[in-house]
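Working notes, beginning with the structure itself.
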Amino acid sequence: ADLEDLMEVALAGLDELLGYRHSSVMLLDEEGTRLFTIASRGFPSEGVGSEVELGDGVAGAAAQRCQPVRVGQLRQMQKYSRTVRRSFERDGTIGPGIDVPLPTLDDTQSRMAVPAMVRGELVGVLVVDSPLSLAFEDEDEAVLTVVATIIAQMIDIERSTTDAAERIAQPPAPASTAQSSDETHVRFFAEDGSV
């Protein structure tokens with residue numbers, strides 16, 4: 001019905017059918033520089049609205065490279081990252097952030113981020129977390145790549161349907177008085193997004 005319903009069904013399927021209990025979907029912004037969380041499942045806080053820049057963290061790296069990224073021993077990496085950030089904040093190199101926290105578990109040990117691509121373009125990133133160390137393998141990468149592609153296609157269809165509905169709702173442009181024999185008639189089918 002809408003993007004929110006699509007994400008809820010997709011993440012519920014990851015949890016209930018495939019066993020990925022902790023997942024989130026991040027979309028690429030219009031400028032193509034940041035990812036923002038639009039849905040999550042299995043986390044103490046939902047984190048919708050949290051953002052990362054391309055290249056930052058596991059999700060940002062997967063988006064920038066357009067390749068899956070998986071990390072084990074994540075807790076150690078996060079401790080190191082926080083220490084480095086605090087040292088930059090103390091030196092005044094960067095200011096303290098007022099960020100919406102990413103959805104995460106208190107005991108996350110493994111994270112995998114898979115780019116959601118359609119027609120060779122990045123739409124977003126599918127991220128799964130686990131409290132187990134080194135939880136994700138090649139098989140997980142293959143499964144999540146398929147799911148991320150399906151999610152990207154769902155998002156693309158939803159966007160196309162919304163765009164088409166907005167175009168249809170706009171008043172028609174004034175008709176030209178000149179007749180053309182090169183007219184093309186196009187019809188949009190909302191049921192499947194085809195033209």
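The values are calculated or read from the model by the stated rules, or taken from the named source; none is laboratory data. Because the structure is a prediction, the values reported are computed rather than measured. Counting neighbours? That spans all protein chains shown, and the Cβs are built from the backbone with ideal geometry, glycine included. The accessibility values were calculated without ligands, DNA or RNA, using every heavy atom of the protein model including side chains. Shrake-Rupley method; radii C 1.70, N 1.55, O 1.52, S 1.80 Å.
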Single unsatisfied condition, PHE43 versus (1) in a loop (DSSP other than H, G, I, E, B); (2) open to solvent by 70 Å² or more (accessible area, probe 1.4 Å); (3) farther than 12 Å from VAL123 by Cα: (2)
Enumeration of residues in the stretch 29-39 that are out of contact with any helix residue (DSSP H, G or I) (no Cβ under 7 Å at 6 or more places or on another chain) and either in contact (Cβ under 8 Å) with a residue 40 or more places away in the chain or in a loop (DSSP other than H, G, I, E, B) (or both): ASP29, GLU30, GLU31, GLY32, THR33, THR37
Residue match in the stretch 67-85 (condition: of a type outside the set (A, V, I, L, M, F, W, C), modelled with pLDDT of 95 or more and either closer than 19 Å to LEU126 by Cα or buried (at least 20 other Cβ atoms within 10 Å of the Cβ) (or both)): yes
Positions within the stretch 7-37 being aliphatic (A, V, I, L, M) and surrounded by 19 or more Cβ atoms within 10 Å (Cβ to Cβ), in sequence order: MET7, ALA10, LEU11, LEU14, VAL25, MET26, LEU27, LEU28, LEU35
Test: residue in the stretch 50-59 that is modelled with pLDDT of 80 or more, part of a loop (DSSP other than H, G, I, E, B) and closer than 20 Å to MET7 by Cα: yes
Count of the stretch 159-195 residues which are farther than 27 Å from LEU27 by Cα, modelled with pLDDT of 70 or more and hydrophobic (A, V, I, L, M, F, W, C): 1
Top-ranked residue of the stretch 60-70 - restricted to ones that are in contact with a Leu (Cβ under 7 Å, 6 or more places away or on another chain) and either in a helix (DSSP H, G or I) or β-branched (Val, Ile, Thr) (or both), ranked as farthest from GLU16 (Cα to Cα): GLN64
